[in-house]
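**Q** Handing you a structure now.
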Amino acid sequence: MERTEVVGRRLRLRDLKLFNAVAQWGSIAKAANQLNITQPAASRAIAQLEHTLGVRLLDRSTRGVEPTLYGQVLLKRGLAIFDEVRQGVKEIEFLADPTAGELRIGCGEVLAAGLLPAIIERLTRQYPRIVCHVDQAATAATPHFDELRERRVDLALGHISDTVVDDDMNIDILFRERTFVVAGKQSKWAHRRKITLAELVGESWLLVPQNTSSYAMIEEAFAACGLEMPKPSIVSYSVHLRNSLLPTGRYLAYLPASFMHFGAMRSSFKVLPVDFPVKPRPVAVITLKNRTLSPVAQLFIDCAREVAKPLARLKI
């Protein structure tokens, strides 16, 4: 009998679950307590797991336990096993009732304030019993890639770089998004028919922090016009802060087209008639390669494609 077959017969899901808990808590005793089993039973199960695989899975010390190199491999593959089981259960539930299900979505704050609600509204209007869990991040160099790899989200919606090279990701580009300089309708700039970017350098700007891809994008736009970046009056990722401060007319900001098309506060803002040479950024649905996509996730992607169609030719 081949070794893989022997291991397959002896390996149990509950042992993998225990091993994952031990790695998470750094203690066999704590893991046993969380799983409502005795510590001796947990220790025997881990020892049997190591015997079955023929390698040491945990390094023990007075401070607790941590996975060895072999243990880290088992954790990674075990995570995929449990995720496939979970996806299989979801698929069976969907087949039994295609109007219900759950979806975990990773999304940045700006898209979560405009595009994502429009997609969810379309999806849940057709399938009102679907539940969406949104993991919202203010910023990320690569949008929710770690959460996707760790299978904490089913898919991500985000701005991506044209040079994304993560071979383990599926990138489904929905459209390329323009960026606009925006002011409140009470602003002195709101009624101007033509504005140069140089005129706005000395104004009060609401900007994101430096050393981010969004900041670099805006910095390049000013540099292309031979201008220094304006000194920000407020530095924040918060969309709520933009929504509260821009309508006063005292501040300027930059916002993506999807926010100006779908955002709840869009009627309080005015896109300024200024040439702002920012290269449109791809907006994409991102999923993990070689991972079973649930039917509900596919429904979301289908809705996203429909909602995004007008944005490719949007004129504000």
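**Q** Hey, could you check segment 150-175 for residues that are assigned to a loop (DSSP other than H, G, I, E, B) and among the β-branched types (Val, Ile, Thr) and say which is least open to solvent (accessible area, probe 1.4 Å)? Working first, answer last.
**A** Of segment 150-175, the ones assigned to a loop (DSSP other than H, G, I, E, B) are 150-154, 160-168.
Checking the rest, the ones that are also among the β-branched types (Val, Ile, Thr) come to 153, 160, 163-165.
Details: Val153: 2, Ile160: 17, Thr163: 101, Val164: 50, Val165: 113 Å².
In this case the residue turns out to be Val153.
**Q** Something else now. Out of segment 176-195, which residues are open to solvent by 20 Å² or more (accessible area, probe 1.4 Å), farther than 16 Å from Phe276 by Cβ and either among the small types (Gly, Ala, Ser) or in contact with a strand residue (DSSP E or B) (Cβ under 8 Å, 6 or more places away or on another chain) (or both)?
**A** Lys185
**Q** Here's a follow-up. Can you name the number of the only condition in (1) out of contact with any Gly (no Cβ under 9 Å at 6 or more places or on another chain); (2) closer than 14 Å to Ile28 by Cα; (3) free of Cβ contacts under 8 Å to residues at least 24 places away in the same chain that Pro67 fails?
**A** In the conditions (1) out of contact with any Gly (no Cβ under 9 Å at 6 or more places or on another chain); (2) closer than 14 Å to Ile28 by Cα; (3) free of Cβ contacts under 8 Å to residues at least 24 places away in the same chain, Pro67 misses (3) alone.
**Q** Taking only segment 114-136 into account, find how many residues are of a type in the set (Lys, Arg) and in a helix (DSSP H, G or I). I'd like the intermediate steps shown before the answer.
**A** Step one: filter segment 114-136 for residues of a type in the set (Lys, Arg), giving 122, 125, 129.
Subset that is in a helix (DSSP H, G or I): 122, 125.
Result for segment 114-136: 2.
**Q** Just checking, which of Arg250, Arg242 is open to solvent by 50 Å² or more (accessible area, probe 1.4 Å) and among the charged types (D, E, K, R)?
**A** Among Arg250, Arg242, only Arg250 is open to solvent by 50 Å² or more (accessible area, probe 1.4 Å) and among the charged types (D, E, K, R).
**Q** So Ala264 clears everything in (1) more than 26 Å from Pro117 (Cα to Cα); (2) loosely packed, with under 15 Cβ neighbours inside 10 Å; (3) touching a residue at least 40 places away in the same chain (Cβ under 8 Å) except one condition, right? Which one?
**A** (1)
**Q** On to the next question. Hey, can you tell me all the residues within segment 82-119 that are at pLDDT 80 or above, under 15 Å from Asp154 (Cα atoms) and open to solvent by 40 Å² or more (accessible area, probe 1.4 Å)?
**A** Phe82, Glu84, Val85, Arg86, Val89, Glu102, Arg104
**Q** Out of Ala198, Ala224, which single residue is exposed (fewer than 14 other Cβ atoms within 10 Å of the Cβ) and out of contact with any strand residue (DSSP E or B) (no Cβ under 8 Å at 6 or more places or on another chain)? If you could, list the steps in order and put the result at the bottom.
**A** Values: Ala224 fails: exposed (fewer than 14 other Cβ atoms within 10 Å of the Cβ).
So the residue among Ala198, Ala224 that is exposed (fewer than 14 other Cβ atoms within 10 Å of the Cβ) and out of contact with any strand residue (DSSP E or B) (no Cβ under 8 Å at 6 or more places or on another chain) is Ala198.
**Q** Does segment 17-26 include one or more residues that are touching a Leu at 6+ places or on another chain (Cβ under 9 Å) and assigned to a loop (DSSP other than H, G, I, E, B)?
**A** For segment 17-26, residues touching a Leu at 6+ places or on another chain (Cβ under 9 Å) and assigned to a loop (DSSP other than H, G, I, E, B): absent.
**Q** Does Tyr251 qualify as being aromatic (Phe, Trp, Tyr) and either within 22 Å of Phe175 (Cα to Cα) or touching a strand residue (DSSP E or B) at 6+ places or on another chain (Cβ under 7 Å) (or both)? It would help to see each step written out before you state the result.
**A** Working: aromatic (Phe, Trp, Tyr): yes; either within 22 Å of Phe175 (Cα to Cα) or touching a strand residue (DSSP E or B) at 6+ places or on another chain (Cβ under 7 Å) (or both): yes.
Judged against the criteria, Tyr251 is a match.
**Q** Looking at (1) on the phi < 0 side of the Ramachandran plot; (2) open to solvent by less than 20 Å² (accessible area, probe 1.4 Å), which one does Glu147 not meet, given that it meets all the others?
**A** Evaluating Glu147 over (1) on the phi < 0 side of the Ramachandran plot; (2) open to solvent by less than 20 Å² (accessible area, probe 1.4 Å) leaves (2) as the failure.
**Q** Next question, about the same structure. Within segment 28-66, how many residues are within 36 Å of the chain's Cα centre (by Cα) and either aromatic (Phe, Trp, Tyr) or open to solvent by 50 Å² or more (accessible area, probe 1.4 Å) (or both)?
**A** 11
**Q** What number goes with the only condition from (1) open to solvent by less than 70 Å² (accessible area, probe 1.4 Å); (2) closer than 20 Å to Glu150 by Cα that Leu69 does not pass?
**A** (1)
**Q** Of everything in segment 3-27 that's touching a Ser or Thr at 6+ places or on another chain (Cβ under 7 Å) and open to solvent by less than 70 Å² (accessible area, probe 1.4 Å), which residue is farthest from Leu75 (Cα to Cα)? Spell out how you get there, then give the answer.
**A** In the first step, residues of segment 3-27 are kept if they are touching a Ser or Thr at 6+ places or on another chain (Cβ under 7 Å); the result is 7, 10-11.
Next, from what is left, pick out any that are open to solvent by less than 70 Å² (accessible area, probe 1.4 Å): 7, 11.
Working: Val7: 16, Leu11: 14 Å.
The selected residue is Val7.
The values are calculated or read from the model by the stated rules, or taken from the named source; none is laboratory data. The shown structure was predicted, so the numbers you read here are calculated from the model rather than taken from an experiment. Backbone-built Cβ (ideal geometry, glycine too); neighbour counts: all protein chains shown. Heads up: the accessible areas ignore ligands, DNA and RNA and are worked out on the full protein's heavy atoms, side chains in. Shrake-Rupley method; radii C 1.70, N 1.55, O 1.52, S 1.80 Å.
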